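Shown next, in structure tokens, is the structure this report addresses.
The values are calculated or read from the model by the stated rules, or taken from the named source; none is laboratory data. Quantities reported herein were computed from a predicted structural model and do not represent experimental measurements. Cβ sites come from the backbone with ideal geometry, for glycine too, and all protein chains shown count toward neighbours.
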Amino acid sequence: MSDFPPTLFVVHPKERRKKCTVEPLRGRDGFSFHKFSNGRADSLEGYVRIGFGGPQLSSDDIDCGLLFLDGTWRWAEQMGSDYDDLPVRSLPDWTTAYPRVSKTFENPHAGLATIEAVYVAYTILGRDTAGLLDDYYWAEAFLTLNGVTNGETPTKTMGTPAPSTD
């Protein structure tokens, strides 16, 4: 059993499950999926929201639960207002391998696919990343682009590393 709350995914109702990069985590221990609806009533005390504009996720957040808003960039931005009470944590600059194309909305320069963001966050916090990318089509390209080889420490800046639990 882990010492931190489950990772939560709030999924926009129009998000296509077939294209959802975190869909393979559904039903796996430590992950919980919720359909977005305006006016959330649940308490998320002890959680931080992964997003843009906040301090970088660090070892100070090791005991926090992680909340990810999952949908297109436009939908995630709209969903964010329902979670303004949660502290936002940003991730260091990693390169996405996910091919993104939008004719109507500009994608954030530093934007990652949700599964890539989960991998980066878990790496920063020293959480187990085994199996996270197993079903991600662009996993090898993502790891290579970011200097991760054979499970070694990434060459990308990781912020403040979490203390070892060994």
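Taking the condition at pLDDT 95 or above and surrounded by 12 or more Cβ atoms within 10 Å (Cβ to Cβ), does residue 119 pass? For residue 119, the condition - at pLDDT 95 or above and surrounded by 12 or more Cβ atoms within 10 Å (Cβ to Cβ) - is met.
Could you check region 112-145 and list, in sequence order, the residues that are over 13 Å from residue 92 (Cβ atoms), assigned to a loop (DSSP other than H, G, I, E, B) and hydrophobic (A, V, I, L, M, F, W, C)? Those that are over 13 Å from residue 92 (Cβ atoms), assigned to a loop (DSSP other than H, G, I, E, B) and hydrophobic (A, V, I, L, M, F, W, C): 113, 130, 132, 133, 138.
I want to confirm something. Restricting to region 22-66 and keeping residues that are assigned to a helix (DSSP H, G or I) and touching a strand residue (DSSP E or B) at 6+ places or on another chain (Cβ under 8 Å), which single residue is modelled with the lowest pLDDT?
Going through region 22-66, the residues assigned to a helix (DSSP H, G or I) turn out to be 23-25, 59-61.
Now drop any that are not touching a strand residue (DSSP E or B) at 6+ places or on another chain (Cβ under 8 Å), which leaves 25, 61.
Numbers: 25: 92, 61: 97.
The extreme case among them is 25.
Using the structure shown, decide if residue 8 is buried (at least 17 other Cβ atoms within 10 Å of the Cβ), at pLDDT below 90 and not in a loop (DSSP other than H, G, I, E, B). So residue 8 fails the test. Checked against (1) within 15 Å of the chain's Cα centre (by Cα); (2) within 26 Å of residue 138 (Cβ to Cβ); (3) in a loop (DSSP other than H, G, I, E, B); (4) modelled with pLDDT of 70 or more, residue 69 meets all criteria but (3). Does residue 105 satisfy the criteria of being assigned to a loop (DSSP other than H, G, I, E, B), modelled with pLDDT of 85 or more and among the aromatic types (Phe, Trp, Tyr)? It is false that residue 105 is assigned to a loop (DSSP other than H, G, I, E, B), modelled with pLDDT of 85 or more and among the aromatic types (Phe, Trp, Tyr).
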